[in-house]
Amino acid sequence: MTATTVPAGPAPPPAPERGGGRGLRTRLRKEAALAYVLLLPALVLFGAFSFYPFLRNFKLMLYETPPVPGLPSRYVGLHQIIPTITSTQFTQSLVTTIIFVILVVPISLLLGLALAVAAHRKLKGMAVYRVIFSSTVVSSVAVASVVFGTLLNPVVGLLPWLGINPTPPALENTTWALPSVALITIWQFLGLSFIIMSAGLQSVPDELLEAARIDGAGSWTRFWRMTVPLLSPTIFFAVVVSTIYAFQAFGAVDILIGNQNAVRLHTNVLIYNILNTLQIESNPGAAAIMATVLFLIILGLTLLQLRFLERRVSYAR
Amino acid sequence: MPADTARAVAPPADVAAASPRMHRPRRRLRTIGSYTLLTAAAVVVIFPIYITVVNSLLRPDQLVQQPPPLFPRTPQWHDYTAAWTTGQMSKYVATSAIMTAIIVVGQLVTSILAAYAFAFLRFPFKRTLFLVCLVTLMIPFEVTFITNLDTVTSLHWFNTYAGLSIPFLATGFGIFLLRQAFLQIPRDLQEAAQLDGYGHLRFMTRVAVPLARPSLAALAVFSFLGAWNQYLWPLVSTGGTTPLYTVQIGLKELLGTEVSQIPVSLAGAVIAFVPLVILLIIFQKQLVRSLTAGAVK
């Protein structure tokens, strides 16, 4: 009560501190109260939409949904976990996702790096090229899917004219469906990859490369012996980020292939499998188990990145 | 180290001075080579979008022509009208715009408040609570959406703007980014403001927030992009007889299998993409900043 005048008016602020512990304590208590009020919205939202669902996910894993709709779910403890993660549908989905990640990550990163190196020279009009190379970062998965759905169309696209026309069409073909979805994702990731690599290149000292050039190192040597090693922290970051993104990608499968064909065409990526387990099979328990596997994969990748970043900090003096 | 190397390698000044003139033709050749390479790469990267715009302006019978037309000689704009009206893109765009606006503003507000507390105030459990905010970044949405769907449904928020946006109103990334920005503000400034009789709220709105504008812009662009383009949540949290679809889900609805439907869905894709291209061109710097926030210290 007595402290209400403290923040108002230009009264000498050090006075309360000097005046003894009580004024200071009141001020600190008021500061803490303000802090908690400011934190409240974020913490409530995190609690309701991140931590609560995260914890409830573990509870869901313990309950089995009976095959007959309408019946309440039954507590089965840990007994549901092993059958779910050893089911062919899940293991196939995991394999599909890993193949997808292996197709997407290296190619999109190499292309992004190549574009970044090409756009690193100071030339007139480079700003335009940079906008074009980054442009795919703003493309949503739905836009990319509509765009490539037409490009890969057996009647309309370029494929029939170029004579590359597999039967059945690429997106209905057991061999080509997954590479097609990967191609869409690679294109979509290219912008992000370019942006990250460009930012990394800017931190590589130009004098160093210039010195190597004067020393007689060719551009190929300079690239592999200098740029790539100097860029390794950036490349590592890009690998982790795009691997996490690739594990979470599923939109193109949903839009262009659909749940009726996803399994048959070997495109049933992890998230899509989780989604269909939840919505079509109405089996939240199994969906929660698969989501936990995904969480563990992403956690592993994130921890790897954090450890690496720590090491990097200690290297830099 | 780098400076030493450079000095040791290029000592004779006359050679260094002579080299530009000697290599001028070679350098010009290299520049031409660079432009050729860059242009070729740009054409490949932009081609899918270009051909989408072209195809959206074609008649169905031109669409199946061989070789496919690379330029619309008689552009047909009616597919844009069709996508906008009967394709309901106008509704989807409005829904996306409202949802995105709520999310961007909400994220800015919650992040400013929380980041201010972490940067300027002393309170118990400060470190722990900051870690709590950061840990949210490690919980993938693919794990939480299962329960969030139940939560939103039980609150009667299914298929509403509340359901679409409220789960995203706070972000650990935003708090982290703005805390960094606030910590850059000199302590002296805060003390001076205190002497001037500024309370915390006045200091926050008059000094801290204006000084953190570049980071706020980066966060705004980042959350705009994320909100406008998100797919999983609008897909599962909307539906029913009058579905509140966003642009992304609308595009899925618009995608037909018939050839006559193709230009309409392509027009829809262009409509969904244009706002983001404008965003990219205007806010390229901020976007790059936010996307590389974790990569470069």
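The values are calculated or read from the model by the stated rules, or taken from the named source; none is laboratory data. It should be emphasised that the depicted structure is a prediction, and the values quoted were computed from it without experimental measurement. When we count neighbours, we look across all protein chains shown, and the Cβ atoms used for this are built from the backbone with ideal geometry, even at glycine.
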Of all residues in region B:228-244, which are within 11 Å of another protein chain (Cβ to nearest Cβ) and more than 18 Å from B:E142 (Cβ to Cβ)? B:W228, B:G239
Residue among B:Q190, B:Q194 that is without any contact (Cβ under 8 Å) to a residue 60 or more places away in the chain and either out of contact with any helix residue (DSSP H, G or I) (no Cβ under 6 Å at 6 or more places or on another chain) or under 28 Å from A:L294 (Cα atoms) (or both): B:Q194
State yes or no: is A:I274 at the interface with another protein chain (Cβ under 8 Å from one of its Cβ atoms) and among the aliphatic types (A, V, I, L, M)? yes
Take the residues in region B:151-173 that are among the β-branched types (V, I, T) and either more than 10 Å from every other protein chain (Cβ to nearest Cβ) or touching a Lys or Arg at 6+ places or on another chain (Cβ under 7 Å) (or both), then tell me which one is surrounded by the fewest Cβ atoms within 10 Å (Cβ to Cβ). B:T153
Listed by range, helices (runs of 4 or more DSSP H) wholly within region A:62-164 having at least 2 residues that are closer than 25 Å to A:A252 by Cβ are A:88-118, A:126-134, A:141-151, A:159-162
Determine which member of the set B:A293, B:A192 is modelled with pLDDT under 95, within 30 Å of B:A119 (Cβ to Cβ) and outside any helix (DSSP H, G or I). B:A293
Near pairs, Cβ below 6 angstrom, 6+ apart or cross-chain, from region A:210-223 (assigned by TED's automatic domain parsing to the domain that holds A:H120 and more than 18 Å from B:G33 (Cβ to Cβ)) to any residue that is in a helix (DSSP H, G or I) and of a type outside the set (F, W, Y): A:A211/B:T5; A:A211/B:A6; A:A211/B:V9; A:A212/A:R222; A:A212/A:M226; A:I214/B:V9; A:D215/B:V9
Expected single match for more than 27 Å from A:T277 (Cα to Cα), in a helix (DSSP H, G or I) and modelled with pLDDT of 95 or more among B:A162, B:A117, B:A82 is B:A117
Some residue of region B:30-41 being surrounded by 18 or more Cβ atoms within 10 Å (Cβ to Cβ), touching a residue at least 24 places away in the same chain (Cβ under 8 Å) and within 8 Å of another protein chain (Cβ to nearest Cβ): no
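One line per residue, one yes/no per condition, for (1) surrounded by fewer than 21 Cβ atoms within 10 Å (Cβ to Cβ); (2) under 29 Å from A:V269 (Cα atoms); (3) free of Cβ contacts under 8 Å to residues at least 12 places away in the same chain; (4) not hydrophobic (A, V, I, L, M, F, W, C):
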site	(1), (2), (3), (4)
B:F224	no, yes, no, no
B:L232	yes, yes, no, no
B:Q248	no, yes, no, yes
B:L254	no, yes, no, no
B:Q261	yes, yes, yes, yes
B:V274	yes, no, yes, no
B:Q284	yes, no, yes, yes
B:S290	no, yes, no, yes
Picking from B:L244, B:L219, B:L225, B:L232, which residue would you name as being over 29 Å from B:A293 (Cβ atoms), not basic (K, R) and not assigned by TED's automatic domain parsing to the domain that holds B:P48? B:L244
Residue check: is A:S134 within 11 Å of chain B (Cβ to nearest Cβ), touching a helix residue (DSSP H, G or I) at 6+ places or on another chain (Cβ under 8 Å) and touching a residue at least 60 places away in the same chain (Cβ under 8 Å)? yes
Collect the residues in region B:245-274 that are facing another protein chain (nearest Cβ under 8 Å), within 17 Å of B:I98 (Cα to Cα) and of a type outside the set (V, I, T), keeping them in residue-number order. B:Q248, B:A272, B:F273
For a quick check of your reading of the model, give me the residue pairs whose first member lies in region B:90-118 and is within 13 Å of chain A (Cβ to nearest Cβ) and within 23 Å of B:V132 (Cβ to Cβ), whose second is of a type in the set (K, R) and assigned to a helix (DSSP H, G or I), with beta-carbon atoms closer than 6 Å and at least 6 apart or on different chains. B:A115/B:R179; B:F118/B:R179
Any chance A:T185 is in contact (Cβ under 8 Å) with a residue 60 or more places away in the chain and not in a helix (DSSP H, G or I): no
Scan of region A:71-124 for residues that are more than 18 Å from A:Q188 (Cβ to Cβ), within 13 Å of another protein chain (Cβ to nearest Cβ) and either surrounded by fewer than 17 Cβ atoms within 10 Å (Cβ to Cβ) or under 18 Å from the mean Cα position of the chain (by Cα) (or both), ordered by number: A:S73, A:R121, A:K122, A:L123, A:K124
Is it true that some residue in region A:184-202 is surrounded by fewer than 16 Cβ atoms within 10 Å (Cβ to Cβ) and either within 12 Å of chain B (Cβ to nearest Cβ) or within 30 Å of B:I249 (Cα to Cα) (or both)? yes
Which is touching a Cys at 6+ places or on another chain (Cβ under 9 Å) and more than 9 Å from chain A (Cβ to nearest Cβ), of B:F203, B:F222, B:F176? B:F176
All positions within region A:31-65 that are of a type outside the set (A, V, I, L, M, F, W, C), under 25 Å from B:E142 (Cβ atoms) and either more than 7 Å from chain B (Cβ to nearest Cβ) or free of Cβ contacts under 8 Å to residues at least 12 places away in the same chain (or both): A:P41, A:G47, A:S50, A:Y52, A:P53, A:R56, A:K59, A:Y63, A:E64, A:T65
Within region B:128-146, can one find any residue that is touching a Gly at 6+ places or on another chain (Cβ under 6 Å) and either assigned to a loop (DSSP other than H, G, I, E, B) or of a type in the set (S, T, Y) (or both)? yes
Per-region count, region A:188-209, residues free of Cβ contacts under 8 Å to residues at least 60 places away in the same chain, of a type in the set (A, V, I, L, M) and in a helix (DSSP H, G or I): 3
